[in-house]
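Novice: The structure is given below, and queries will be raised subsequently.
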Amino acid sequence: MPIINRKPIKEKNIPYIKERDIKTSEFYGSNAWRRFRTTFLSLHPICECCLEHGYVTPSTDVHHKIPWMRGKNEEEQWNLFLDEKNCMSLCERCHIGLHNKDREYNMGCLDSLTETEYNYIHGKNY
């Protein structure tokens, strides 16, 4: 039986784009993304990674398994960006953990954390 994670959720403030480059701002600042993100999180309200490890944590982030910037042209990037099959709902900690893992190993497609990685990012030292 999953364990419910009762840590408080920080509300995401979406207009966070100032330090990002123009291309990223165009994508994440679009009305299409805002609608997609809201709908996706309402359909997938639980962090998929936490659930895989036996915890129930509300999702706050939408993660692209294959980074949309890897698209060969703008059309392919938009297709990756707004593809439900390329996205997963995550809590903030799991999302940061997956991006750190990608930076370390440059795997190209990331959709899971090992038990050790999961315990580390959630501060479970047992």
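The values are calculated or read from the model by the stated rules, or taken from the named source; none is laboratory data. Please read all numbers here as calculations on a predicted model, not as lab measurements. Note that each Cβ is placed from the backbone with ideal geometry, even for glycine, and that neighbours are counted across all protein chains shown.
Novice: Show the residue pairs that are 6+ apart or on different chains and have beta-carbon atoms under 9 Å apart, the first residue being within the stretch 103-126 and exposed (fewer than 10 other Cβ atoms within 10 Å of the Cβ), the second being charged (D, E, K, R).
Specialist: Final answer for the pair search is GLY123/ARG93.
Novice: Still on this model: Inspect all residues belonging to the stretch 25-48 and state whether any of them is among the charged types (D, E, K, R), part of a loop (DSSP other than H, G, I, E, B) and either touching a helix residue (DSSP H, G or I) at 6+ places or on another chain (Cβ under 8 Å) or at pLDDT 55 or above (or both).
Specialist: Taking the stretch 25-48 first, the residues among the charged types (D, E, K, R) are 26, 34-35, 37, 48.
Remaining after also requiring part of a loop (DSSP other than H, G, I, E, B): none.
Looking through the stretch 25-48, none of the residues is among the charged types (D, E, K, R), part of a loop (DSSP other than H, G, I, E, B) and either touching a helix residue (DSSP H, G or I) at 6+ places or on another chain (Cβ under 8 Å) or at pLDDT 55 or above (or both).
Novice: Hey, can you tell me all the residues within the stretch 72-86 that are outside any loop (DSSP other than H, G, I, E, B) and either in contact (Cβ under 8 Å) with a residue 60 or more places away in the chain or over 20 Å from the mean Cα position of the chain (by Cα) (or both)? Full working, then the answer.
Specialist: Going residue by residue through the stretch 72-86, those that are outside any loop (DSSP other than H, G, I, E, B) are 74-81, 84-86.
Residues satisfying the conditions are GLU74, GLU75.
Novice: When you scan the stretch 49-71, how many residues do you find that are under 19 Å from LYS124 (Cβ atoms) and assigned to a helix (DSSP H, G or I)?
Specialist: Residues that pass the stated criteria total 4.
Novice: Now, a different point. When you scan the stretch 51-61, do you find a residue that is surrounded by fewer than 19 Cβ atoms within 10 Å (Cβ to Cβ) and free of Cβ contacts under 8 Å to residues at least 24 places away in the same chain, even just one?
Specialist: Checked against the condition, which is being surrounded by fewer than 19 Cβ atoms within 10 Å (Cβ to Cβ) and free of Cβ contacts under 8 Å to residues at least 24 places away in the same chain, the stretch 51-61 yields no hits at all.
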